[in-house]
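Worksheet: one structure, shown below.
Any read-out appearing in this document is the output of simple, stated calculations on the displayed coordinates, not a laboratory observation. Keep in mind it's a predicted model, so treat the numbers as computed, not measured. When we count neighbours, we look across all protein chains shown, and the Cβ atoms used for this are built from the backbone with ideal geometry, even at glycine.
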Amino acid sequence: MVNKKVIAQLYKQFPKPPKSADELNIGLLFDYCFENHGIVIDENELFIGSVEPGSPFSCLPLRLIHEIVEFDKVVAIVLHSSIIFLNKEDSGVNIHLNLADPKTGLWQRLMATIRGEKEDDFDDVDIDELDIMKEPEDMPLDEASSKLFADE
């Protein structure tokens, strides 16, 4: 059974991708998920047909996958800040987002998108200094709304 403790262990046990995609247990995807999830793998990417094509999780570069792990009812694809769980028996997909460290990964990209920054500007973002993170009562309403809607 996959619970919070198991999820935390997956992130801890697989903090980095392997040196080569050949080290990944890709066979699990073909054994248990090929038919239900429309799995396609080319030389650089994993396509998951059961995930909406507009989702960032529908096409994954193999170099970003940390590990592929089998459980009783699901196969987990472990990434840096998320885990994709593909059901073995149907086309169900569940995604866990790891937002525990707001200074890395998905959270940082989300905040940069809100602030209108370019993707290569992420390294110097200090989440504690972002004005947008202030509580509404910490700034006047007109200042808060002007920061949120500055790009419109």
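Multiplying the residue separation of R115 and F71 by 0.36 nm and subtracting their alpha-carbon distance yields 11.9 nm. Taking packing as the residue-averaged number of other Cβ atoms within 10 angstrom, the listed peptides 65-73, 13-21 run from highest to lowest as 65-73, 13-21.
Inter-label distance, K12 to D42: 3.9 nm, where each label sits 7 Å from its Cα along the C-beta direction. Applying 1/(1 + (r/R0)^6) with r as the Cβ-Cβ distance of M1 and C59 and R0 = 30 angstrom yields a FRET efficiency of 0.55. Residues whose amide H comes within less than 5 Å of that of V74, counting only those at least five positions distant or on another chain, are K88 (H built at 1.01 Å from N in the peptide plane).
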